[in-house]
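One structure is given here, and the rest of the page talks about it.
The values are calculated or read from the model by the stated rules, or taken from the named source; none is laboratory data. Bear in mind the structure is a predicted one, so any value in this text is a computation, not a measurement. So basically every Cβ, Gly included, is an ideal-geometry build from the backbone, and we count neighbours across all protein chains shown. The area values use the complete protein model at the heavy-atom level, side chains included, leaving out ligands, DNA and RNA. Shrake-Rupley method; radii C 1.70, N 1.55, O 1.52, S 1.80 Å.
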Amino acid sequence: MSKEASLQRIKDTGIVAVVRAESAEKAMKIVESIKAGGLEAIEITMTVPGAVDVIKEVTDNYSSDEILVGAGSVLDAETARACILAGAEYIVGPTFDEETVRLCNRYQKPVMPGAMSVTEVKNAMDAGADVVKVFPATLFGPKIIRAIKGPIPQAPLLPTGGVNLDNVKDWIDAGSYAVGVGSALIAGAEEGDYERVTRTAEQFITKIKEARQNK
């Protein structure tokens, strides 16, 4: 899938599902539950045991039209390359690493490094970031999006950390490109309730659509 097409799908859906799990098996169950709820962009974090293999399994089981799989918590270019070769269509990091951004641009895969300040956002954009992950967004709430967009209104921002069903409208209203959601989405998996994960995914889709329609 082209870089442009991947970015458009993330923007249109408005949410990246962040998968963290104690095992590869559990991660796959979460992926299946999220997909059943209608979410397309699913990020496998490198904190999942055997994360690269999980990405490969997702790409083996589903076409890119079904699931747009990405890699998260990527700290360096070496890890990014391994994930891309396994089938990751985009790379997300908690921090800004210039070599990772360069590698993703070389492979023409969307890259979303983490930042918190206006300076960090600008540096990431200057280096070629496609979207900037605002992390941990929970420290400031939706006002951080407005604050960054004051001097840099063109910045495509993906807040991650603290986004939930109660405040997702506020994040969208603040001008987020999309949102990254982890624990609030997959909480049901902690109790083995994967149907709850599916229902929560559906609720997030509805909330984001409503927020965008009412803007």
- Query: Could you list, in sequence order, the residues of region 5-42 that are hydroxyl-bearing (Ser, Thr, Tyr), out of contact with any helix residue (DSSP H, G or I) (no Cβ under 8 Å at 6 or more places or on another chain) and either buried (at least 18 other Cβ atoms within 10 Å of the Cβ) or under 16 Å from residue 195 (Cβ atoms) (or both)?
  - Reply: 6
- Note on the structure: Among residues of region 48-77 being among the small types (Gly, Ala, Ser) and within 16 Å of the chain's Cα centre (by Cα), the residue most open to solvent (accessible area, probe 1.4 Å) is 64
- Task: Kindly indicate whether residue 131 is hydrophobic (A, V, I, L, M, F, W, C), touching a Pro at 6+ places or on another chain (Cβ under 9 Å), in contact (Cβ under 8 Å) with a residue 24 or more places away in the chain and farther than 20 Å from residue 87 by Cα.
- Result: no
- Query: For residue 36, are the conditions met, namely being within 18 Å of residue 185 (Cβ to Cβ) and not basic (Lys, Arg)?
  - Reply: yes
- Note on the structure: Exactly one of 147, 187, 201, 124 is within 16 Å of the chain's Cα centre (by Cα), assigned to a helix (DSSP H, G or I) and small (Gly, Ala, Ser), and that one is 201
- Task: Select from region 1-29 the residues that are part of a loop (DSSP other than H, G, I, E, B) and out of contact with any Asp or Glu (no Cβ under 9 Å at 6 or more places or on another chain) and write down the one among them that is farthest from residue 53 (Cα to Cα).
- Result: 14
- Query: When you scan region 85-114, how many residues do you find that are part of a loop (DSSP other than H, G, I, E, B) and farther than 25 Å from residue 137 by Cα?
  - Reply: 2
